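Undergrad: Before I ask anything, let me first share the structure, which is written out below as structure tokens.
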Amino acid sequence: SRAWAPGKCLVTICCCCVHLLLILRLLPLDLLPPEVCSLLNPAAIYANNEISLRDVEVYGFDYDYTLAQYADALHPEIFTAARDILIEHYKYPEGIRKYDYDPSFAIRGLHYDIQKSLLMKIDAFHYVQLGTAYRGLQPVPDEEVIDLYGGTQHIPLYQMSGFYGKGPSIKQFMDIFSLPEMALLSCVVDHFLGHGLEFDQAHLYKDVTDAIRDVHVKGLMYQWIERDMEKYILRGDETFAVLSRLVAHGKQLFLITNSPFSFVDKGMRHMVGPDWRQLFDVVIVQADKPSFFTDRRKPFRKLDEKGSLHWDRITSLEKGKIYRQGNLYDFLRLTEWRGPRVLYFGDHLYSDLADLMLRHGWRTGAIIPELEREIRIINTEQYMHSLTWQQALTGLLERMQ
């Protein structure tokens, strides 16, 4: 108690101020990690685990947003088409048509509480990140969020998303196609709340999800891309260069996609050329991921050039042929491509990558286009200044403690 007498307290505060002023002027390097001021390359490959590509013999790829990178112009088209489907087929209010797609509204990885109509960010420890919750297009105060969850930021595991983002009451949006879905969901909720209209949260969520699904099932997205591939498909020459180089070095390639063959064929012809199938040892379309990786029941079926299904039993997967559906267990049995000598690339962290790594030991690579923008922000002077301040103040607090 004597150490905190008024005089001693004043001396302590003055010492802190002097120390802070020194940091302001000098920003000692020993308080900052060496990587703070190093520029990151937005086009680089980042590894979370050691891997020697010399040991990788087989390379696998998803198609959409992996081999085929799409322009951001596709998202407003999906949003608008699904919005119009809600109005014309699901009889939603005409006033919803006034909403347009806002590309800056949401990012991948957000969670949506269906019963509370809350779109928010939840961290790996199941805590709601305060300041991130929105109902419709309006932010929800932190106090209200905590009150909604019984006086805590924590959401129990049983309410959270399952391994594939499909929990009983909370849905996680993980793929890039979910960006227009989140935007449309929030716009529809905003309209209902803004006009005092009563609605069932579960019905609204399902209708929006079904409308987005209809855009894909009815082939609207495929039609837009096929009509103007130059507009929608990016970096096709890079895709061709990567695949050609892998084949030239004796690697085996395979493709597993949920998209139909006619769509994949036109896109690959645009990017790679008419002989694209000769680059791949196995091509599987309409695979129905993620159940392709977990369900043993669906057998492979062969497709002919016109897309017609063959009736014969599949006993081997031949190069240059096209196969539909199937399952990973038959795939592994027929190819014997197992363990870390396989590297598979996809854009969905769960349905493309997690199971393959955890259950089958494949190496996996995540295609994350958002990283380019994030890294450019990290490289800005403003970001570095803020990070330097944070590290300096953290170092100061640790020393004083």
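The values are calculated or read from the model by the stated rules, or taken from the named source; none is laboratory data. What you see is a predicted model; the values in this text were computed from it and never measured. Positions of Cβ are generated from backbone atoms using ideal geometry, with glycine treated the same way; all protein chains shown enter the neighbour counts. Please note that ligands, DNA and RNA were not included when accessible areas were found on the heavy atoms of the full protein model with its side chains. Shrake-Rupley method; radii C 1.70, N 1.55, O 1.52, S 1.80 Å.
Undergrad: Does anyone have the angle between helix 236-248 and the longest principal axis of the chain? Alpha-carbon axes, 0 to 90°, nearest 10?
TA: So the inclination is approximately 70 degrees.
Undergrad: Taking the Cβ-Cβ separation of K306 and T209 as r and a Förster radius of 35 Å, what is the calculated FRET efficiency to the nearest 0.05?
TA: Details: r = 33 Å, r/R0 = 0.93.
Here the calculated transfer efficiency is 0.60.
Undergrad: Can you pull the accessible area of S308 for me, 1.4 Å probe, Å² to the nearest 10?
TA: Probe radius 1.4 Å; accessible area of S308 about 60 Å².
Undergrad: Let me ask something else. What list of ³J(HN,Hα) values in whole Hz, one per residue of the range 303-309 in order, does the Karplus curve 6.51 cos²θ - 1.76 cosθ + 1.60 (θ = phi - 60°) give from phi, with Gly and Pro shown as x?
TA: Each residue of the range 303-309 in turn: 10, 8, 4, 8, x, 7, 7 Hz.
Undergrad: What's the extension gain from K218 to E57 if we count 0.36 nm per residue and subtract their Cα-Cα distance? Before the final figure, lay out the partial values.
TA: Details: separation 161, 0.36 × 161 = 57.96 nm, distance 3.78 nm.
Result: 54.2 nm gained on full extension.
Undergrad: A further question on this structure: Could you list which residues have their amide H under 5 Å from that of L137, counting only those 5 or more apart in sequence or on another chain, with H placed in the peptide plane?
TA: Placed amide hydrogens put D190 under 5 Å from L137.
Undergrad: So, one more: With label points built 7 Å along Cα→Cβ from the Cα atoms of F105 and E88, find their separation and express it in nm.
TA: Going from the F105 label point to the E88 one covers 2.1 nm.
Undergrad: Where nothing but the Cβ of Lys and Arg (+1) and of Asp and Glu (-1) is charged, how large is the charge dipole of the chain around its Cα centre, in debye to the nearest 20? Don't skip to the end; give the middle numbers.
TA: Numbers: 44 positive and 52 negative charges, 203 e Å.
Taking the Cα centre of the chain as origin, the dipole is about 980 debye.
Undergrad: Residues with amide H under 5 Å of D347's amide H, sequence separation 5 or more or different chain, H placed in the peptide plane at 1.01 Å from N; which?
TA: I367
Undergrad: Compute the acute angle (0 to 90°) between the alpha-carbon long axis of helix 178-194 and the principal axis of greatest extent of the alpha-carbon atoms of the chain; round to the nearest 10°.
TA: Orientation of helix 178-194: about 60 degrees from the principal axis.
Undergrad: Shifting gears a bit: Which value in Å is the Kirkwood Rh of the range 67-141 over different Cα pairs? Please report the intermediate quantities before stating the final value.
TA: Numbers: mean 1/r = 0.0686 Å⁻¹.
After inverting the mean inverse Cα-Cα distance, the result is 14.6 Å.
Undergrad: To continue, here is another question. Let me know the shape class of the range 196-264, please: from the alpha-carbon gyration tensor, a ≥ b ≥ c as square roots of the eigenvalues, rounded when a/c is under 1.5, otherwise prolate if a/b is greater than b/c, or oblate.
TA: In terms of gyration-tensor shape, prolate.
Undergrad: Ordering I212, I367, I107, I51 by how much accessible area each has at a 1.4 Å probe, largest first, what is the list?
TA: Numbers: I212 10, I367 45, I107 100, I51 70 Å².
If we order I212, I367, I107, I51 from most to least accessible, we get I107, I51, I367, I212.
Undergrad: With the cut-off at 27 Å, tell me which of the pairs K206/K302; K231/K251; K206/K289 have Cα atoms farther apart than that.
TA: K206/K302; K231/K251
Undergrad: Restricting attention to the alpha-carbon atoms of the range 98-222, what are Rg (one decimal) and Dmax (integer), both in Å?
TA: 14.3, 46
Undergrad: Quick check: residue separation of T315 and E230 times 0.36 nm, minus the Cα distance between them. What number comes out in nm? Please list the in-between numbers first.
TA: Values: separation 85, 0.36 × 85 = 30.60 nm, distance 3.90 nm.
Full extension from T315 to E230 adds 26.7 nm.
Undergrad: Still on this structure, I have one more. Using a probe of 1.4 angstrom, how much of the accessible area of the chain is carbon and sulfur, in percent?
TA: On the way: 12200 of 22370 Å².
Ligands and nucleic acids excluded, carbon and sulfur reach 55 percent.
Undergrad: Using alpha carbon centroids, what distance separates the range 55-72 and the range 308-344, in Å?
TA: 18
Undergrad: For the range 146-275, what is the convex hull volume of the alpha-carbon atoms per residue, in Å³?
TA: Details: hull volume 23.9 nm³, N = 130.
Taking only Cα atoms, the range 146-275 has a hull volume of 184 Å³ per residue.
Undergrad: How much accessible area does R277 have with a 1.4 Å probe, in Å² rounded to the nearest 10?
TA: R277 exposes around 40 Å² with every protein chain in place.
Undergrad: What's the FRET efficiency of N48 with K298 using the Cβ-Cβ distance as r and R₀ = 41 Å, to the nearest 0.05? Please list the in-between numbers first.
TA: Numbers: r = 32 Å, r/R0 = 0.77.
According to the calculation, E is roughly 0.85.
Undergrad: Could you work out the per residue convex hull volume over the alpha carbons of the range 308-401, in cubic angstrom?
TA: 174
Undergrad: A further question follows. So what's the back-of-envelope 222 nm ellipticity for the chain, counting only DSSP H runs of four-plus at -39500 (n - 2.57) apiece and dividing by all residues, rounded to 500? Write down the numbers at each step before the final one.
TA: Numbers: 14 runs with 160 residues, N = 401.
The helix contribution divided over the chain gives -12000 deg cm²/dmol.
Undergrad: First measure r as the distance between the Cβ atoms of K251 and H154, then evaluate 1/(1 + (r/R0)^6) with R0 = 51 Å and state the FRET efficiency to the nearest 0.05. Mind dumping the intermediate values first?
TA: On the way: r = 46 Å, r/R0 = 0.90.
Rounded to the nearest 0.05, the efficiency is 0.65.
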